[in-house]
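The values are calculated or read from the model by the stated rules, or taken from the named source; none is laboratory data. Just so we're clear, the structure is a prediction, and the values are computed from it rather than from any experiment. For neighbour counting, all protein chains shown are included, and Cβ atoms are generated from backbone atoms with ideal geometry for every residue, glycine included. What goes into the accessible areas is simple: the full protein's heavy atoms, side chains included, and nothing from ligands, DNA or RNA. Shrake-Rupley method; radii C 1.70, N 1.55, O 1.52, S 1.80 Å.
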Amino acid sequence: MTGRILILYTGGTIGMVPSEQGYVPTPGFCKRLREQLGPLAGQVPEYDLIEFDRLLDSANLVPDDWCQIARLLQQHWADYDGFVVLHGTDTMAYTASALSFMLQGTDKPVILTGSQIPLSQLRNDGLDNLVTALLLATSGDIAEVCVYFNGRLLRGNRARKVRTTGFDAFDSPNCPWLGQAGIHIELRHDLLLKPGRPQFQIPDLDPATVMILGVYPGMPARLLTAALDDERVRGLVLQTYGVGNPPDADQALMDTLATAIAKGVTVLNITQCPEGAVSQGAYATGTTLNRLGVISGGDLTPEAAFSKLHVLLAQGLTGETLRQALTRPLCGECAEPTGDSA
Ligand code: ASP
């Protein structure tokens, strides 16, 4: 065990305490952690801890919070061997994805973790998640943004919160786990990304730029029209059925999409299924989207699709460059395109 770690405490259940309104994040996490570690303190890697001024229930997180976390990491990048970000579980997958796109070419580990039961409570899962995340961050084997939770090391931009109350709250349905922590910590070296050359690009993000909408039986075109009736909207993640099929018999809905695309809105198609990929054109309904110029999101998760579109648009990508970047893996977030879709 070597190395020095920076822990960022952003909020989340791990650092919450009970209140009359339910759990709320509270300052003073560092002290609580040192108390919990007690005599074991000498066995865990050395760390510094930065506590955010505005501690978040991650349900309240906005895209600018991703940038704040990324900027802090960038600012301290040279001073530490690895980073652990303590974060609420509700939107951890969004943050992990966004960080992976802003911190491209990462040559050090950034491990996000949190817990289902606060560190301050009996039977908490926070201490183990945090201690294992610290060990992973000092292992010297990881050079990417990951989520570690309940024995699973997951690629950050493939991770999803899949359970509301189980300790096994996270999984990566379209990507094998990168590692497992049981008695031994076993890493999939064949899957882990190789250290890159940091090319961090952390743009300002306007929350109005990108939206995500799922189709449903009978969805009225006016919902889409209203959503797109804002000049700031430049990207739409559309969640369709199965392998990427929209209700294309609704001409008004398709016309609304066509008008948005003609105005320069980038539409990225992902599936509503928890597992699998879009194959835009396997059915005639999906072929309609190819004709309209909708981009296939392949096997991107909703969190990765949303944050990738946000970050790439804010980094200034447009036209064919944007389309190429959206369909190809930049940092392991999706499979290589198969060529059967737009
Ligand atoms: N609402 C909490 C959060 O996301 C849930 C958690 O951390 O588990 O901040």
If you go through the range 1-33 one residue at a time, how many are part of a loop (DSSP other than H, G, I, E, B) and within 14 Å of the ligand (Cβ to nearest atom)?
7
Positions within the range 123-154 being open to solvent by 20 Å² or more (accessible area, probe 1.4 Å) and touching a helix residue (DSSP H, G or I) at 6+ places or on another chain (Cβ under 6 Å), in sequence order:
LEU127
Criterion first (modelled with pLDDT of 95 or more, open to solvent by less than 10 Å² (accessible area, probe 1.4 Å), away from the ligand (no atom under 11 Å from the Cβ) and not charged (D, E, K, R)) does TRP66 satisfy it?
yes
When you go through LEU213, LEU268 one by one, which is the residue that is part of a strand (DSSP E or B), open to solvent by 20 Å² or more (accessible area, probe 1.4 Å), within 30 Å of ASP64 (Cβ to Cβ) and of a type in the set (A, V, I, L, M)?
LEU213
Note down all Cβ pairs under 6 Å where the first residue falls in the range 8-31 and is at pLDDT below 95, the second is assigned to a loop (DSSP other than H, G, I, E, B) and of a type in the set (Lys, Arg), and they're at least six residues apart or on different chains.
none
Taking the range 307-333, which residues are in a loop (DSSP other than H, G, I, E, B) and open to solvent by less than 10 Å² (accessible area, probe 1.4 Å)?
GLU333
Say we look at the range 71-112 and pick out the residues that are touching a Phe, Trp or Tyr at 6+ places or on another chain (Cβ under 7 Å) and aliphatic (A, V, I, L, M); which of these is nearest to GLY126 (Cα to Cα)?
LEU86
As an exercise: evaluate VAL44 against (1) crowded, with 16+ Cβ neighbours inside 10 Å; (2) closer than 22 Å to MET102 by Cβ and give the number of the one condition it does not meet.
(2)
List pairs: first residue in the range 292-318 and without any contact (Cβ under 8 Å) to a residue 24 or more places away in the chain, second residue in a loop (DSSP other than H, G, I, E, B) and of a type in the set (Gly, Ala, Ser) anywhere in the structure, Cβ distance under 9 angstrom, at least six positions apart or on different chains.
THR318/GLY264
Could you tell me how many of the residues in the range 76-105 are within 11 Å of the ligand (Cβ to nearest atom), polar (S, T, N, Q) and either touching a helix residue (DSSP H, G or I) at 6+ places or on another chain (Cβ under 6 Å) or assigned to a helix (DSSP H, G or I) (or both)?
2
Given the structure, is ASP48 of a type outside the set (Ser, Thr, Tyr), more than 21 Å from the chain's Cα centre (by Cα), in a strand (DSSP E or B) and over 27 Å from GLY140 (Cα atoms)?
no
Run down LEU236, LEU223 and say which single residue is open to solvent by less than 10 Å² (accessible area, probe 1.4 Å) and either not in a loop (DSSP other than H, G, I, E, B) or not basic (Lys, Arg) (or both).
LEU236
Checking GLU35 against (1) open to solvent by 50 Å² or more (accessible area, probe 1.4 Å); (2) acidic (Asp, Glu); (3) within 19 Å of the chain's Cα centre (by Cα), only one condition comes out false. Which one?
(3)
The correct count of residues that are in a loop (DSSP other than H, G, I, E, B) and either aromatic (Phe, Trp, Tyr) or surrounded by fewer than 19 Cβ atoms within 10 Å (Cβ to Cβ) (or both) in the range 280-298 is 3
Selection from the range 59-75 of residues that are more than 18 Å from SER100 (Cα to Cα) and small (Gly, Ala, Ser):
ALA59
Please verify whether GLU231 is among the acidic types (Asp, Glu), in a loop (DSSP other than H, G, I, E, B), out of contact with any strand residue (DSSP E or B) (no Cβ under 7 Å at 6 or more places or on another chain) and open to solvent by 20 Å² or more (accessible area, probe 1.4 Å), treating the condition exactly as stated.
yes
Could you list, in sequence order, all residues of the range 80-120 that are within 20 Å of THR165 (Cα to Cα), over 13 Å from the mean Cα position of the chain (by Cα) and open to solvent by less than 20 Å² (accessible area, probe 1.4 Å)?
LEU86, GLY114, SER115, PRO118, LEU119
Residue that is among the small types (Gly, Ala, Ser) and on the phi > 0 side of the Ramachandran plot, where the choices are GLY235, GLY151, GLY156, GLY196
GLY151
GLU51 fails exactly one of the following numbered conditions: (1) within 16 Å of the ligand (Cβ to nearest atom); (2) in contact with a His (Cβ under 9 Å, 6 or more places away or on another chain). What is the number of that condition?
(2)
